[in-house]
Every structure is written in structure tokens, then in C-alpha cells.
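The values are calculated or read from the model by the stated rules, or taken from the named source; none is laboratory data. Model, not experiment: these values are computed from the prediction. Using ideal geometry, Cβ is built from the backbone for each residue, glycine included, and neighbour counts are taken over all protein chains shown. Ligands, DNA and RNA are excluded from the accessible area calculation, which covers all protein heavy atoms including side chains. Shrake-Rupley method; radii C 1.70, N 1.55, O 1.52, S 1.80 Å.
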Amino acid sequence: MATNENLPPNVIKQLAKELKSLDESPPEGIKVVVNDDDFSTIYADIEGPAGTPYDNGVFRMKLLLSHDFPHSPPKGFFLTKIFHPNIATNGEICVNTLKKDWNPSLGLRHVLIVVRCLLIEPFPESALNEQAGKLLLENYEEYARHARLYTGIHAKPKPKFKTGAISESTTALNVDQSNTSVLNAEVKTAPSGAALPLQSPLAPSTNATRGNNQEKAAIAAEPAVNSSCHTSMVYAAQKKEGLVAKAQADKKKIDARKRSLKRL
């Protein structure tokens, strides 16, 4: 248990529960990096949502908790460089949940989900990155090109080691003794050259069933903010179409004005 001097014991206890919950049933696309020695700094890896310029990227962020947390909101920073209207060049995050809309009852799970939703639906009206905010309003395609470029350079996911062999060896070490005894008996009694029946790798296992049950439980427990996150994605797509249509209409007006001037 951490004993951070900047946080009261009751807050540390509550944070320990929240971090354990996030570790056991993480929100979609978010993985929290738990540091048992210091709860005042929370790290998380956020996967870029599909259908956005941040898709296929993994972004590391951190939340800094002050000594009077949860009465005051944490400060959020992206450590991975990102081109986004509401994220400054130094990584500072501008979102109402961490400012005027903060409520001490909000947990870390809610904050992290809101930050990921920000990647789906930016708010250029309160931009910390003026260039990104201007491009989003005036030329979405150019904004998306910049964002994808940053994602491809700075937010590449780290290569993962293959876990298949590790999982298989771990499973082999935990095989039920009775199954092992049966297999040994079959080896001893089988005639020379006879093939032994092999368990299909596609056959269901109790571990897989248990994992599925846990996954279903985690999905069922996911807060309602995920629903609003999905709605935000739909709204963002509609907003994108509206911006493109507006740009095309403006171009037609300019072309018509040019033709009128030529006639004069």
C-alpha cells in the first residue's frame, strides 16, 4: 500500500480500490499502468478510436492528483505527441470534466473514458492548439492528414511478444493431475505405432469460459458514458460531412463570384 504524503489515507484507500477495478476490468481501449508506490500520478495507455485520425495509435497520458483531491480535479497531460485541438503542444488537456464540470464524486474511470471520447469528438471552440482547431473548422481533410501524420510518427504501438507459447506452457503446467494420469495410461496401453487421440485446440476450456464470463461482467458494468461516447462518434462523423459540404458550397460561391467579375 502506498503512503504518499500528498494524499490523505482515506483518498489513498479509495484510489487503491479504483485502480484495482481498472486493472481487473479496464474500459475499452484504455490500459492503466498501476504504480503501487505513488498514487498521485496515474498513467494510462489510450488506443486511438477506430474511424478517427488517431486509429492504430497508442497514446500515453498521465493524471496528476493534487493534495486536495478529489475536491479539486486532476490535471491531465498527453505524454505522446498528438495533433488535437484540445491538447496543447506541451500535452496539457482541455476538457470540461477536468475543469468547470468537475465533481468530487467522479472517479478515474469516468475521467479516462471522457479523455478517450475527446479523440472521437474534439471541441475546436475551446482549442489549446489553435492550428488544429482552425484546420478542424475550415478544412477537415487537412486536419485529419496532420493528425494521422502525428499518429504514425509518435503513437506507434510497441511490438508485442507472442504470448501463444507462454500461454500453452502455462496451461500445460496447470493441467489437472487426473487428465495427466489418463494420458499416461493411454500411452502405456496403446499398441506400438498406434496414434493417440489429441484434444482439438478449438475445444472450449474452463479457463476460456471463465474469461468470457468475466469479460461479459465487465461489459455489463461499463458506465453509461460509453453510450454517449458512441453517440459522439456518430455526431463527429456527421459534423465531418457537414464541414466538407460547407467547404464545397463556399468553393462554389467563390467560383461564381469570379465568373461574375470576369463578365464585368
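Of the numbered criteria (1) more than 18 Å from Pro104 (Cα to Cα); (2) touching a Gly at 6+ places or on another chain (Cβ under 6 Å), the one Leu63 fails is (1).
Identify all residues within the range 35-78 that are open to solvent by less than 60 Å² (accessible area, probe 1.4 Å), of a type in the set (A, V, I, L, M, F, W, C) and not in a strand (DSSP E or B); write none if there are none. Correct list: Phe39, Leu65, Phe69. A Cβ distance below 8 Å, combined with a sequence gap of six or more or placement on separate chains, defines the contacts here; from the range 122-142, residues that are under 23 Å from Gln248 (Cβ atoms) and of a type outside the set (Phe, Trp, Tyr) reach residues that are in a helix (DSSP H, G or I) and open to solvent by 60 Å² or more (accessible area, probe 1.4 Å) in the pairs Pro124/Lys134; Pro124/Leu137; Gly133/Glu125. Starting from the range 54-73, take each residue that is on the phi > 0 side of the Ramachandran plot and list its partners that are surrounded by 14 or more Cβ atoms within 10 Å (Cβ to Cβ) and of a type in the set (S, T, N, Q), counting only C-beta distances under 9 angstrom and pairs at least six apart or across chains. Partner pairs satisfying both residue conditions: Asn56/Thr151. Selection of the range 93-142 for residues being farther than 22 Å from Leu15 by Cβ and under 18 Å from the mean Cα position of the chain (by Cα) yields Cys94, Cys117, Leu118, Leu119, Ile120, Glu121, Pro122.
Within the range 23-45, is there a residue that is in contact with a Gly (Cβ under 7 Å, 6 or more places away or on another chain) and in contact (Cβ under 8 Å) with a residue 40 or more places away in the chain? Spell out the reasoning first.
Taking the range 23-45 first, the residues in contact with a Gly (Cβ under 7 Å, 6 or more places away or on another chain) are none.
No, the range 23-45 has no match at all.
Which residues, taken from the range 127-185, are modelled with pLDDT of 95 or more and polar (S, T, N, Q)? Of everything in the range 127-185, those that are modelled with pLDDT of 95 or more and polar (S, T, N, Q) turn out to be Asn129, Gln131, Asn139, Thr151. Condition (residue is modelled with pLDDT of 95 or more, within 18 Å of the chain's Cα centre (by Cα), open to solvent by 40 Å² or more (accessible area, probe 1.4 Å) and among the basic types (Lys, Arg)) applied to the range 20-29: is it met by at least one residue? No, because not a single residue in the range 20-29 is modelled with pLDDT of 95 or more, within 18 Å of the chain's Cα centre (by Cα), open to solvent by 40 Å² or more (accessible area, probe 1.4 Å) and among the basic types (Lys, Arg). Residues in the range 100-150 that are open to solvent by less than 30 Å² (accessible area, probe 1.4 Å) and over 21 Å from Glu28 (Cβ atoms): Pro124, Asn129, Ala132, Gly133, Leu136, Tyr143, Ala144.
Being closer than 16 Å to Tyr150 by Cβ and open to solvent by less than 40 Å² (accessible area, probe 1.4 Å) is a property that Thr97 lacks. Of all the numbered requirements in (1) of a type outside the set (Ser, Thr, Tyr); (2) farther than 18 Å from Ala155 by Cβ; (3) in contact with a strand residue (DSSP E or B) (Cβ under 9 Å, 6 or more places away or on another chain), Lys13 misses one, and that requirement is (3).
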